[in-house]
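FYI, it's all coordinate maths here, none of it is from the lab. Fair warning: this is a prediction, and the values are worked out from it, not measured in the lab. Here the Cβ positions follow ideal geometry from the backbone for every residue, glycine too, while neighbour counts run over all protein chains shown.
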Amino acid sequence: MSQENPSIPPLSADTSPGETAHRLFQAALRAQLPVALWRLPNTQEVQVVVASGVQHALPPMEGPQKGFAFCPFQVSASAPVTFLPADLYFSGKAGTAPELGDTVLPTAFWADFQKSGLKTDLAGKWPSHPAGTVPSIARDAFEKTVSTSIKSMQAGCLEKVVLSRTKTLPLFEGFDLLHAFTQLTQLYATAFVSLVAIPGIGTWLGATPELLVQVDRHRVFRTVALAGTQPLTDGLTPADAIWRQKEIEEQALVQRYIVSCFRHLRLREYVEMGPRTVRAGNLLHLRTDFSAAMDEVGFLKLGTQMLELLHPTSAVGGMPKAAALQMIGQLELHERRYYSGYLGPVQLGQETHLFVNLRCVELGQDTVTAYAGAGMTADSVPAKEWVETELKMQTVLRLFQASES
Ligand SMILES: C=C(O[C@H]1C=CC=C(C(=O)O)[C@@H]1O)C(=O)O
């Protein structure tokens, strides 16, 4: 017998779209349903997908299936490809109601949504990674690892490798997950801010500056080559930033990698702009923007094709890709899981926006783990790379500072 979705309970006229989004998130968490909450760069709307279950394969990026993708750096048993079909989608626009998909969400979700007030305690309610603690590396050991990679690059074994590390802090008393998400939206207007909670997989919060694949409603494909980092010190503006040869080369490698993907597909008519300096919180990066009008160039599935070729880009892996991935496997103590994977809405509002999962944390029941990496080349200085990963972690960890002892 087919069940019908209940009609959406009426919301009082003074319920703001932001409140509706938060209430949907809370109700999904309490009903143990997969849920994603996000805000696209340079927009205000907080959007939500709630799913009745997950799929472990991605649909095409150009439609017709709609939902939210959450994919790891490298697929493993504990970090599968995950897609949340949009059984409920809320666009966050004033005057609109959540849209329902074909699969009915459990009544427990609707009952909770109807009764849940805005301010409820979510402590202990979010799903956490079943394997528990994430190993982290001491400064000395990290710098030795960086030196090992530098020697390999000086010997010509590879050109670039991105090495990452983690840092775990206890969660402070009274930590409020939705408040943390809101703070990130306020701090980082140009970032993709997301909060994803999936039973059996975990809960991730982040504010990433790196677009991986976009297919907009006019069927324009976009991606970026983002790399090279320097702190945004007092008085510096992106326009006066001066870059060293090391960062220029590091970013050029990512740019060349994207061009090689277009070449592989035999696509010549793309637009390339940059590199230019962009701000991401308290950091500056170099970015080149690429775009192609899919219908005009005759590549109707360019988003899907490029996604397959791009991930992991040399902004999170290295060059050549296979040698860099092997070195990451040998030198990193932790599994990256969803850090440096990708995430985002697929065909919602007729658009796909996938971002690289950077500047992110994973929540345990009473801990928070930050992940960050830096691109090593033959000219890297180990102590600087440690500081760079520290600064990248601060993007999100600054919200958790009350818990640092
Ligand atoms: C790998 C990360 O950043 C990438 C994106 C921008 C700049 C980067 C860099 O300068 O190394 C990285 O390639 C991270 O934030 O963990």
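Can you tally the lysine pairs in region 51-204 where the Cα-Cα distance is under 29 Å and the two residues are eight or more apart, or on different chains?
12
Would you pull out the residues with amide H under 5 Å of Thr367's amide H, same chain only if 5 or more places away, H placed 1.01 Å from N?
Result for Thr367 returns Leu171.
Neighbour counts of other C-beta atoms within 10 Å: give me Trp204, Trp243 arranged from fewest to most.
Arranged by neighbour count, lowest to highest, Trp204, Trp243 become Trp243, Trp204.
Taking GluC sites (Glu not before Pro) as exposed when DSSP calls them loop (any state but H, G, I, E, B) and at most 13 other Cβ atoms lie within 10 Å, what is the longest stretch of the chain free of them, the sites themselves excluded? Before the final figure, lay out each step's value.
On the way: sites that count: Glu4, Glu173, Glu269, Glu404.
The answer is 5-172.
Are there any trypsin sites (Lys or Arg not before Pro) in region 224-279 that are in a DSSP loop and have at most 14 other Cβ atoms within 10 Å? List them by number. Please list the in-between numbers first.
Values: sites: Arg244, Lys246, Arg256, Arg263, Arg266, Arg268, Arg276, Arg279; in loops: Arg244, Arg266, Arg268.
Hits after loop and neighbour filter: Arg244, Arg266, Arg268.
Calculate the dipole size of the chain relative to its Cα centre from +1 charges on Lys and Arg beta carbons and -1 charges on Asp and Glu beta carbons; express the result in debye to the nearest 20. Write out the running numbers ahead of the final one.
Details: 34 positive and 38 negative charges, 111 e Å.
Dipole about the Cα centre, nearest 20: 540 debye.
What is the sum of charges, Lys and Arg at +1 and Asp and Glu at -1, for the other residues whose Cβ falls under 15 Å from the Cβ of Leu226? Don't skip to the end; give the middle numbers.
Values: positive: Lys160, Arg222, Arg256, Arg276, Arg279, Arg287, Arg359, Lys392; negative: Glu210, Glu247, Glu249, Glu250, Glu272, Asp289, Glu388.
Once all neighbours under 15 Å are counted, the net charge is +1.
Run lengths n ≥ 4 of DSSP H only: what is the helix-derived mean residue ellipticity at 222 nm for the chain, with -39500 (n - 2.57) per run over all residues, to the nearest 500? Don't skip to the answer; put the middle values down first.
Working: 9 runs with 110 residues, N = 405.
Helices in the chain give a 222 nm mean residue ellipticity of -8500 deg cm²/dmol.
Which of these, Leu177, Leu391, Leu29, has the largest mean-square fluctuation under a Gaussian network model of the chain (Cα springs below 10 Å)?
Leu177
So if I take the centroid of the Cα atoms in region 306-377 and the same for region 90-168, what is the distance between those two points in Å?
10
Can you list which of the trypsin sites (Lys or Arg not before Pro) found in region 95-185 are DSSP loop residues with at most 13 other C-beta atoms within 10 Å?
Lys119
Exactly which trypsin sites (Lys or Arg not before Pro) in region 7-103 are in a DSSP loop and have at most 14 other Cβ atoms within 10 Å?
Details: sites: Arg23, Arg30, Arg39, Lys66, Lys93; in loops: Lys66, Lys93.
Of the trypsin sites (Lys or Arg not before Pro), the ones in loops of region 7-103 whose Cβ has at most 14 other Cβ atoms within 10 Å are Lys93.
When Lys and Arg each count +1 and Asp and Glu each count -1, what net charge do the other residues less than 14 Å away from Leu309, Cβ to Cβ, add up to? Present the calculation step by step, with values, prior to reporting the outcome.
Working: positive: Arg256, Arg263, Arg266, Lys301, Lys321; negative: Glu308.
Local charge sum for Leu309: +4.
Using the Karplus curve 6.51 cos²θ - 1.76 cosθ + 1.60 with θ = phi - 60°, work out ³J(HN,Hα) for each residue of region 345-360 in order, rounded to whole Hz, and write x for Gly and Pro.
Listing the rounded values in order: x, 10, 6, 9, x, 6, 9, 10, 9, 9, 10, 6, 7, 10, 6, 10 Hz.
Using the Karplus curve 6.51 cos²θ - 1.76 cosθ + 1.60 with θ = phi - 60°, what ³J(HN,Hα) values do you get for each residue of region 274-280, in whole Hz, with x for Gly and Pro?
Rounded to whole hertz, the list is x, x, 9, 7, 10, 9, 9.
Using the Cα gyration tensor of region 155-292, with a ≥ b ≥ c the square roots of its eigenvalues, what is the shape: rounded (a/c below 1.5), prolate (a/b larger than b/c) or oblate (neither)? Could the numbers behind the result be given before it?
Numbers: a/c = 1.69, a/b = 1.41, b/c = 1.20.
Here region 155-292 falls in the prolate category.
Skipping prolines and chain starts, which residues have an amide H placed within reach, meaning under 5 Å, of the one on Tyr342, given they are 5 or more residues away or on another chain?
Cys71, Asn357
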